[in-house]
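Undergrad: Handing you a structure now.
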Amino acid sequence: MLTLTATTSAPTLFPKCKTQRRRFTVLAADDKFPSFLPKQMEQIKDPFARKLANRIERLPVNVSFSENSIMSSCVKPLVQSKQNPVVLLHGFDSSCLEWRYTFPLLEEAGLETWVVDILGWGFSNLERLPSCDVESKRQHFYQLWKSYIKRPMTLVGPSLGAAVAVDFAVNHPEAVENLVLIDASVYAEGTGNLAKLPRAAAYAGVSLLKSFPLRLYTIFLAFKGVSFSTSLDWTNIGRLHCLYPWWEDATVNFMISGGYNVSRQIDQVKQKTLIIWGEDDQIVSNKLAVRLHCELPNAIIRQIPNCGHLPHVEKPDSVARLILEFMQDYCQKKAQFVPMK
């Protein structure tokens, strides 16, 4: 069993999986990526992204709003644990590759860990474009959980993924044992104003999300002290899923539907919740972390110093440790209430 300590020295806890940023070199050409990934995956230099990409697969998920099963992208755990699983979501317009650094640490620590792409983003097959509004995203995730995960989970959501997690936990409490919310974007008022735009204008706005300069700027805004060469590679990783022909349609469908607005659901969350926040987040103010801590009925908060908006990318050792400590503490307290036979 992994023994957790209060130390802040990350490398000593996970000595086999170093995650320091460095100038990456392209791995050997014998990497066999899934055929459904964009061919541009071959140009990605980050070895952690390449390794995780090798494990992405598509599972059929049946939903009421599509006549055909949706071949849905995810990374499945290698082993099943007696402990309930951890399921990792990603942020707005992103993919499972967002977890390339933290996911291996959680697996190495013995946790049964899934990474799931949210409907409309990531690497699922949406050629027969289904609805990608909030209700559809929720139903799709529920059906994936019901078909494959099948046990109450610790659900982890960063940025907009935190809104996805809150919405899901409130609507399907039987599926969620605990929540972990990372730099949570849960107070935004959705994207309802975009519903008033002509579709042509909505498409023009969404197409900007695909642009390399905008995504590169977002990297500089989201992270502290990332080199230019790493920023270029991270930008390419972040926009891979945008290269699918259905990406714009799926994203416009989500945006003009109004997006997530879960601020009124926060006090309905009954699960024990860990809030993780980067102290130097330039996208979502850490003042909102304090507000969220006050409004959630059963939450603890941990802030990571010298860290920006996506701690699981920038400080994976710290995030993995906090999740492990949180789950260990929960399991210990849960065991205290198990009735004696």
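Here, each number is a calculation from the coordinates, and none is a lab measurement. What you are looking at is a predicted structure, and each value in this text was computed from that prediction instead of being measured. Because the Cβ atoms are built from the backbone with ideal geometry, glycine has one as well, and the counts that use them run over all protein chains shown.
Undergrad: Computed on alpha carbon atoms, what radius of gyration and Dmax characterise the chain, expressed in Å?
TA: Final numbers for Rg and Dmax: 19.1, 65 Å.
Undergrad: Next question, about the same structure. Set the Förster distance to 25 Å, then compute FRET efficiency between E295 and D329 from the Cβ-Cβ distance, nearest 0.05.
TA: With R0 = 25 Å, the Cβ-Cβ based efficiency is 0.70.
Undergrad: Give, rounded to the nearest 20 debye, the magnitude of the charge dipole that region 193-341 has about its Cα centre when Lys and Arg contribute +1 at Cβ and Asp and Glu contribute -1 at Cβ. Walk me through the numbers before you get to the answer.
TA: Values: 17 positive and 12 negative charges, 90 e Å.
So the dipole magnitude of region 193-341 works out to roughly 440 debye.
Undergrad: Once you've got the Cα coordinates, tell me which of K32/K137; K45/K150; K82/K137; K32/K150; K210/K315 are over 32 Å apart.
TA: Details: K32/K137 30 Å; K45/K150 35 Å; K82/K137 28 Å; K32/K150 30 Å; K210/K315 26 Å.
Cα-Cα > 32 Å for K45/K150; rest within.
Undergrad: Projected onto the charge dipole of the chain (+1 at Lys/Arg Cβ, -1 at Asp/Glu Cβ, origin at the Cα centre), which of F326, L144, L310 gives the Cα projection farthest towards the positive end?
TA: Sorting the options by dipole projection puts first F326.
Undergrad: Can you pull the one-decimal nm distance between simple spin-label points at N125 and N306, each 7 Å off the Cα toward Cβ?
TA: The modelled label-to-label distance comes out at 4.7 nm.
Undergrad: Where both residues lie in the chain, what percent of DSSP beta bridges are antiparallel, nearest 5? Provide the component values of the computation, followed by the final result.
TA: On the way: 7 of 30 bridges.
Approximately 25 percent, going by the DSSP bridge assignments.
Undergrad: What does the extension gain come out to for M71 and H172, with contour length at 0.36 nm per residue minus their alpha carbon separation? Provide the component values of the computation, followed by the final result.
TA: Details: separation 101, 0.36 × 101 = 36.36 nm, distance 2.23 nm.
Extra length from M71 to H172 when fully extended: 34.1 nm.
Undergrad: Moving to a separate point now. Distance between Cα centroids, region 200-240 to region 47-66: provide it in whole Å.
TA: Value for the Cα centre distance between the two parts: 22 Å.
Undergrad: Using amide H atoms built 1.01 Å from N in the peptide plane, name the residues 5+ places from M71, or on other chains, whose amide H lies under 5 Å from its own.
TA: Amide H neighbours of M71: V61, N125.
Undergrad: Moving to a separate point now. When the Karplus curve 6.51 cos²θ - 1.76 cosθ + 1.60 is applied with θ = phi - 60°, which whole-Hz ³J(HN,Hα) does each residue of region 217-229 get, with x for Gly and Pro?
TA: 4, 5, 4, 5, 6, 7, 10, 10, x, 8, 5, 5, 5
Undergrad: On to the next question. Would you calculate the separation in nanometres between label points at K32 and Y148, each defined as 7 Å from the Cα along the Cα-to-beta-carbon direction?
TA: So the two model labels end up 2.0 nm from each other.
Undergrad: Could you give the longest part of the chain that holds none of the chymotrypsin sites (Phe, Trp or Tyr not before Pro) found in DSSP loops with at most 14 neighbouring Cβ atoms within 10 Å?
TA: Working: sites that count: F36, F65, F337.
The longest uninterrupted stretch comes out as 66-336.
Undergrad: Where the only charges are on Cβ atoms (+1 Lys, Arg; -1 Asp, Glu), what is the dipole of the chain about its Cα centre, to the nearest 20 debye? Walk me through the numbers on the way to the answer.
TA: Working: 38 positive and 32 negative charges, 111 e Å.
The calculated dipole for the chain is roughly 540 debye.
Undergrad: Report the full-extension gain for the segment N62 to Q265: residue separation times 0.36 nm, less the Cα-Cα distance, to one decimal in nm. Display every interim value, and only then the final one.
TA: On the way: separation 203, 0.36 × 203 = 73.08 nm, distance 2.69 nm.
Extending this stretch completely gives an extra 70.4 nm.
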